[in-house]
Amino acid sequence: MSNKESKENCIFCKILSGEFECSEIYSDDTVIAFLDIQPVNPGHVLVIPREHACYLKDLDKDVGGKLFQVGQKVAEAIRNSDLKCEGVNFLLADGEAAGQEVWHTHLHVVPRFENDGFGFKFSEKYFEKPSREELNQVAEKISKKI
Ligand code: AMP
Ligand code: ZN
């Protein structure tokens, strides 16, 4: 494990231990949820496991399920609040290439509304749809590893 991945250097573990402050939304024995310090939109929440798992592969799958369940509850709470929310994105960056910056797995729950300035960027090749044969070949590569 590299230095950046260690529990000792983990911002979120410091939040869990109370060393760093957070604006908490929800807490139970397995996960906690709090506001992102640099929100895409007001109400942007992070749901994190209490266990220090750098990547998804390190996370117990039941805890992964719990992360999603709490994400669902949080999304519903945001929608029922008076925060501006016309839609919600769940985002989980697993690995640096996917945009991960904090090495403690976390689920972003992001309230969205029209013209909020956030969005996804697609490369040119995205617009050339693959054939069914190509899709099937890729599907096989994944399915045989499940
Ligand atoms: P990611 O790029 O998916 O690893 O996202 C990391 C997120 O953690 C970013 O959206 C940061 O704004 C957020 N973040 C970093 N430090 C803190 C902190 N101390 N409290 C709350 N959110 C944080
Ligand atoms: Zn951690």
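Computed from the coordinates by the stated procedures, all read-outs in this text should not be read as laboratory data. It should be emphasised that the depicted structure is a prediction, and the values quoted were computed from it without experimental measurement. Neighbour counts are summed over all protein chains in view; Cβ atoms, including those assigned to glycine, are modelled from backbone coordinates with ideal geometry.
Does the chain come out rounded, prolate or oblate, given a ≥ b ≥ c as the square roots of the eigenvalues of its C-alpha gyration tensor, rounded meaning a/c under 1.5 and, failing that, prolate meaning a/b above b/c?
oblate
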For the range 48-124, which GluC sites (Glu not before Pro) pass both filters: DSSP loop (anything but H, G, I, E, B) and at most 12 other C-beta atoms within 10 Å? E86, E101, E114
Give me, ordered by chain and number, the residues 5 or more places off I25 or on other chains with an amide H under 5 Å from its own placed amide H. A33, F34, L35
Just to confirm the number: angle between the C-alpha axis of helix 61-80 and the first principal axis of the chain, 0 to 90 degrees, nearest 10? 80
Any idea which of S27, T105, I11 is furthest toward the positive side of the dipole for the chain, if Lys and Arg beta-carbons carry +1 and Asp and Glu beta-carbons -1? T105
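Counting only other residues whose beta carbon sits under 12 Å from that of G64, what net charge do I get with K and R as +1, D and E as -1? Provide the component values of the computation, followed by the final result.
Working: positive: K57, K61, K66; negative: E51, D58, D60, D62, D94.
Net charge around G64: -2.
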³J(HN,Hα) across the range 23-32 via Karplus (A = 6.51, B = -1.76, C = 1.60, θ = phi - 60°), whole Hz, x for Gly/Pro? 9, 7, 10, 7, 8, 9, 5, 10, 9, 10
Note down the magnitude of the dipole of the range 1-92 about its Cα centre, charges +1 on Lys and Arg C-beta and -1 on Asp and Glu C-beta and zero elsewhere, to the nearest 20 debye. 220
Dipole magnitude of the range 48-120, debye to nearest 20 (Cβ charges: Lys/Arg +1, Asp/Glu -1, about Cα centre): 200
Amide H partners (placed H, <5 Å) of V88, local residues excluded: R112
Relative to the first principal axis of the alpha-carbon coordinates of the chain, what is the inclination of helix 132-143, with its axis defined by its Cα atoms, in degrees from 0 to 90 and to the nearest 10? 40
Scalar couplings 3J(HN,Hα) for the range 124-130 by Karplus 6.51 cos²θ - 1.76 cosθ + 1.60 (θ = phi - 60°), nearest whole Hz, x for Gly and Pro, are 3, 5, 4, 7, 9, 5, x
Taking the Cβ of each residue in D29, D60, D36 as the centre, tally the other Cβ atoms inside 10 Å and list the residues starting with the fewest. D29, D60, D36
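Mind listing which chymotrypsin sites (Phe, Trp or Tyr not before Pro) in the range 1-99 are in a DSSP loop and have 15 or fewer other Cβ atoms within 10 Å? Mind showing how you got there, number by number?
Numbers: sites: F12, F20, Y26, F34, Y55, F68, F90; in loops: F20, Y55.
In loop regions of the range 1-99 (DSSP not H, G, I, E or B), the sparsely surrounded chymotrypsin sites (Phe, Trp or Tyr not before Pro) are F20, Y55.
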